[in-house]
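Data block below; observations after.
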Amino acid sequence: MTTHGNRRAVLTVPFVVSLLATQLLLGLASAIAGTWSDANCTGTSSALSVWKRSQAKAYAQEGDREGYEWGGGCYRLNDVDDTPDAPDSGGEGADCSGFVFKTWALPATYGASGFRYHDHEREIHGPYNTADFASPCPSCPFKLLSSKSYKATTYMDAFVYRSPSGGHIGMIYAEGSGGLDLIVEAKSDALGTRINWTDYRQQSAYKPVARKDWTPEWYPQCLV
């Protein structure tokens, strides 16, 4: 019986070695292949002198029905989540604050002013999270508004909340009535990025926040 037991142990060794080698090769292949974002996110960023609310709205609309990735920022623009099961930051889509960062054309330097366009295919999140949007620094290119009334807000302003466990921010795509608005937001892994009727205006936890210094819609024409 001892000999038989030893023989079984000896026969098992090549199998174990083969299994370990296979796992090692699979891990190496995965490392070489990289993430989805490594293969697909080749966009760039560039300085802008003009960025209007209407341009931001069109930019945000292109993200509708794309994916969501915590810490991510890249879209393929094919109206589907290409990586529903990808690890954080490795797949398609931005998270809520990264989506606002790109849509508002914010510079990548914390607290800097001006406009910077980020291609949808650029993998960049930006320096701001929901805590920053909920409590802007003095030099930040966005500010809290004094009221959530329809008179105080307009499209491409946003509603943000922050708690010790996390937060969320979504932008007004179109104002509604009765406390409802069409909100464009990077919502969650399950829901992706979407435009949907939402009642953030009614929820006391949400604050209104707006980008500073939008280019006027009439520019470059002169007002008469």
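The values are calculated or read from the model by the stated rules, or taken from the named source; none is laboratory data. Quick caveat: nothing in here was measured; it's all calculated off a predicted structure. Reconstructed Cβ throughout: ideal geometry from the backbone, glycine too, with neighbour counts over all protein chains shown.
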Among (1) of a type in the set (Val, Ile, Thr); (2) over 17 Å from Leu191 (Cβ atoms); (3) surrounded by fewer than 22 Cβ atoms within 10 Å (Cβ to Cβ); (4) under 16 Å from the mean Cα position of the chain (by Cα) - the single one Thr103 does not satisfy: (3)
One residue from Ala39, Ala29 being touching a helix residue (DSSP H, G or I) at 6+ places or on another chain (Cβ under 8 Å), among the hydrophobic types (A, V, I, L, M, F, W, C), at pLDDT below 95 and surrounded by fewer than 10 Cβ atoms within 10 Å (Cβ to Cβ): Ala39
Filtering the stretch 60-83 down to residues that are out of contact with any Lys or Arg (no Cβ under 8 Å at 6 or more places or on another chain), among the hydrophobic types (A, V, I, L, M, F, W, C) and over 16 Å from Ala105 (Cα atoms) yields Trp70, Leu77
From the list Asp213, Asp199, exactly one residue is modelled with pLDDT of 95 or more, touching a Leu at 6+ places or on another chain (Cβ under 9 Å), among the acidic types (Asp, Glu) and surrounded by fewer than 18 Cβ atoms within 10 Å (Cβ to Cβ). Which is it? Asp199
Checking the structure you have, find out if any residue of the stretch 52-61 is touching a residue at least 24 places away in the same chain (Cβ under 8 Å) and at positive phi. no
So if I check each of Cys74, Cys96, which one is surrounded by 18 or more Cβ atoms within 10 Å (Cβ to Cβ), farther than 13 Å from Arg122 by Cβ and in contact with a helix residue (DSSP H, G or I) (Cβ under 9 Å, 6 or more places away or on another chain)? Cys96
Odd one out for Ser204 among (1) at pLDDT 95 or above; (2) crowded, with 19+ Cβ neighbours inside 10 Å: (2)
Name the residues in the stretch 77-91 that are surrounded by 14 or more Cβ atoms within 10 Å (Cβ to Cβ) and touching a Ser or Thr at 6+ places or on another chain (Cβ under 9 Å), would you? Asp81, Thr83, Ala86, Ser89, Gly90, Gly91
Tabulated pairs, the stretch 196-211, first under 12 Å from Gly178 (Cα atoms), second of a type in the set (Gly, Ala, Ser) and buried (at least 21 other Cβ atoms within 10 Å of the Cβ), C-beta under 7 angstrom, 6+ apart or interchain: Thr198/Gly170; Tyr200/Gly170
Just give me the residues in the stretch 148-187 being small (Gly, Ala, Ser) and over 12 Å from Thr198 (Cβ atoms), in sequence order. Ser149, Ala152, Ser163, Ser165, Gly166, Gly167, Ser177, Gly178, Ala186
For the stretch 60-84, give me the residue count where each residue is in a strand (DSSP E or B) and among the β-branched types (Val, Ile, Thr). 0
Suppose we keep only residues that are of a type in the set (D, E, K, R) and in contact (Cβ under 8 Å) with a residue 12 or more places away in the chain within the stretch 123-165. Which one would you say is surrounded by the most Cβ atoms within 10 Å (Cβ to Cβ)? Glu123
